[in-house]
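Some notes on the structure that comes next.
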Amino acid sequence: MYDDTSADLSVQEGDNATLSCKATGHPLPRITWKREDGEAILMRRGPRDFYKVDTYNGSNLNFWRLDRRQMGAFLCIASNDVPPAVSKRIILNVNCEYSICCLDTTAITFSSSHFVSNIIK
């Protein structure tokens, strides 16, 4: 894998992001993306419409208007039918306003006044 393959990335919810994977070899490797947890990759089709894919083929995995449900660890897999295939793990974090987002896609939302009063007690 080349150095211009994406490193772990943190992006604000609602922003766009691209995970990039570059590889070389003979024959030229195919690039496939998967989620490390085995779940489907959630892709946006429109402002409120999503669809799921098990794998995504191509060097660039583009996310438009990121949603917290899209965060996770992704595997970029380069293969050309000459073993072994090579992979790199890239973590996509989504920073959520007014929430603490966790990698397992759960979110804890809190009221700031309630949160502060509980700490002071």
Complete set of residues in the range 34-66 that are over 25 Å from A23 (Cα atoms) and crowded, with 16+ Cβ neighbours inside 10 Å: R44, L66
For the structure I just gave you, tell me whether A107 is small (G, A, S), at pLDDT below 95, open to solvent by 50 Å² or more (accessible area, probe 1.4 Å) and over 13 Å from the mean Cα position of the chain (by Cα). no
Which of the residues that make up the range 7-25 are in a loop (DSSP other than H, G, I, E, B), surrounded by fewer than 16 Cβ atoms within 10 Å (Cβ to Cβ) and small (G, A, S)? A7, G14, G25
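The values are calculated or read from the model by the stated rules, or taken from the named source; none is laboratory data. What you see is a predicted model, and the numbers here were worked out from it, not measured in a lab. Glycine gets a Cβ as well: all are built from the backbone with ideal geometry, and neighbour counts include every protein chain shown. Surface areas here come from the heavy atoms of the whole protein model, side chains and all, with no ligands, DNA or RNA. Shrake-Rupley method; radii C 1.70, N 1.55, O 1.52, S 1.80 Å.
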